[in-house]
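Read-outs throughout are calculated quantities, based only on the coordinates presented, and are distinct from any laboratory measurement. For clarity, every value in this text was computed on a predicted model and none was experimentally measured. A quick note on method: Cβ atoms are made from the backbone with ideal geometry, for glycine too, and the neighbour counts reach across all protein chains shown.
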């Protein structure tokens, strides 16, 4: 019965082939995205696509949803066949979990993410088995379906194509209409003063309507997930943000130095390949874009070498850059390097640059705004994995005593003028001595890089950071913040690059 129905028109063949193509595309791009959190997938990295795979993955997912919907209409309404194959159960599970991740249907997004990943593995195994059955055992002739023009133009096939067009258009509309969350930015009088101290004790913050982001994929967070609460206010000149997230640990020991029998070394767990996972400070990153496209507004390009002719990525995870000459504003608050300067480092994503001579790390399109002076530097002349030579040492050797404990309330920074240039003859510290690695050259950076004032406070398992910047800085490295801008928020739990992710951007709506 089923065989006769299949031979009457091309509908089944059309849907079957579309699902096969889009499932393979979705599987390959999804596995590339999975390399961000599932290290075992990197073993197959050479076989996976590179570049802006987020967009292709979203397109293939939309195509699968439309095709599966059309298949069920064709099967149950037109054919009146009520049996279901295993492949469609797998695809339904992938569709459900994928939609749950994208639209944040559940707060326990980490569980859904795992479900999506393991279902993808099951899909891969099914495809391998299907290929073996159809090609290896039965020969190539059974793999290719010969088209028949008469069957292609049958009324049933025409109806199927029309349903497919309608379901595709509807699915695309839903994803475009709900591709962002709206962040309402209440307007406040110009004479209202908000102190940037990480504490929301000003009554005006009650006017700010919070938006909660169910972030996922961040290393060291519980199950890789945390909830980020965002509030915003603005007046005629400035915009304020209050951002809070759960973090099980306060991490401010940024790549500390330790004395060994051979000299000083940087304590690290991945920093040599620019993917530190243990000895790093907590961070917050905010990106502003003119569009809310999937994959961090098209700036996330995955893979070991997504850029031809450029240096391969040390972590094999990818780069941030743009391909259309656009600029995306990036603010980075750092619990050690910038917090005590009451600022967030003002950076941006743009076109990939050329690797500078003498630099090991290539950052592609990730760059920081210009500065005139100030800021911090690391306490070593040249980084090496084993032994480094410090730039400066304490004028008073007892200054380091407090850092030999696990006290998390210390400021893990070195004031420049409390230290002196390193002299090997004065280096009498015992093996195992710990020393901070971040040197403050002055109170804060000056210039475009210091446009954003920020301060964070850790309390009761949460970080809370206040930030403020002029709506329009008139800098070529910054975007004017106004209604219609899109905002992406990521947090880091003592890691260098393995930050949380969100599928949809926040759409800024500034109250007039």
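How high is the relative contact order of the chain, in percent, counting Cα pairs under 8 Å that sit 6 or more residues apart?
Details: 1012 pairs, mean separation 101.6, N = 512.
The normalised contact order for the chain reaches 20 percent.
With contributions of -39500 (n - 2.57) from each DSSP H run of at least four residues, the per-residue ellipticity at 222 nm computed over the chain stands at -8000 deg cm²/dmol.
Distance between the modelled labels on residue 443 and residue 383, one decimal in nanometres: 3.0 nm (7 Å Cα→Cβ projection). The spacing between region 54-127 and region 8-51, judged by their C-alpha centroids, is 12 Å.
Rounded, prolate or oblate: which one fits region 81-132, using the alpha carbon gyration tensor with axes a ≥ b ≥ c (rounded when a/c is under 1.5, else prolate when a/b beats b/c, else oblate)? Oblate is the answer for region 81-132, as a/c is 1.5 or above yet b/c matches or exceeds a/b.
In terms of the mean number of neighbouring beta-carbon atoms within 10 Å, the peptides 402-412, 33-43 order highest first as 33-43, 402-412.
Would you work out the relative contact order for region 173-325, in percent, from Cα pairs under 8 angstrom that are 6 or more residues apart?
Details: 190 pairs, mean separation 21.9, N = 153.
Worked out over region 173-325, it gives 14 percent.
Apply the a/c threshold of 1.5 to the C-alpha gyration tensor of region 420-470 and tell me whether it is rounded, prolate or oblate. Note, shape of region 420-470 comes out oblate.
Take each peptide in 279-289, 168-178, count the other Cβ atoms within 10 Å of every residue, and average; sorted highest first, the result is 279-289, 168-178.
Could the peptides 374-386, 451-463 be put in order, highest first, of the mean number of other beta-carbon atoms found within 10 Å of their residues? Kindly include the intermediate steps, with their values, before the conclusion.
Details: 374-386: 15.8, 451-463: 18.2.
Per-residue Cβ counts within 10 Å, averaged per peptide and sorted highest first, yield 451-463, 374-386.
Whole Å is fine, so just give me how far the alpha carbon centre of region 223-291 lies from that of region 364-434. Rounded to whole Å, the Cα centres lie 19 Å apart. For region 150-309, the Kirkwood hydrodynamic radius from C-alpha pairs, put into Stokes-Einstein at 4 °C and a viscosity of 1.567 mPa s, yields a diffusion coefficient of 61 µm² per second.
Suppose a student asked you for the relative contact order of region 14-111, using Cα pairs under 8 Å spaced at least 6 residues apart; what percent would you report?
Details: 52 pairs, mean separation 25.9, N = 98.
Once normalised by length, the contact order is 26 percent.
Computed from Cα positions, the angle between helix 155-177 and the longest principal axis of the chain comes to roughly 20 degrees. In degrees between 0 and 90, to the nearest 10, how far off the longest principal axis of the chain does helix 109-131 point, with axes built from Cα atoms? Relative to the chain, helix 109-131 is tipped by roughly 40 degrees.
Please compute the length gained on full extension between residue 361 and residue 223, using 0.36 nm multiplied by the number of residues separating them and subtracting their Cα-Cα distance. Provide the component values of the computation, followed by the final result.
Working: separation 138, 0.36 × 138 = 49.68 nm, distance 2.93 nm.
Once the chain is fully extended between residue 361 and residue 223, it gains 46.7 nm.
Rounded, prolate or oblate: which fits region 360-432, taking a ≥ b ≥ c as square roots of the Cα gyration tensor eigenvalues, rounded meaning a/c under 1.5, else prolate when a/b beats b/c? Cα axes put region 360-432 in the prolate bin. Angle of helix 11-34 to the longest C-alpha principal axis of the chain, folded into 0 to 90 degrees and rounded to 10: 10°.
Simple spin-label estimate for residue 80 and residue 161 gives 2.6 nm between the two label positions (7 Å along the Cα-to-Cβ direction from each Cα).
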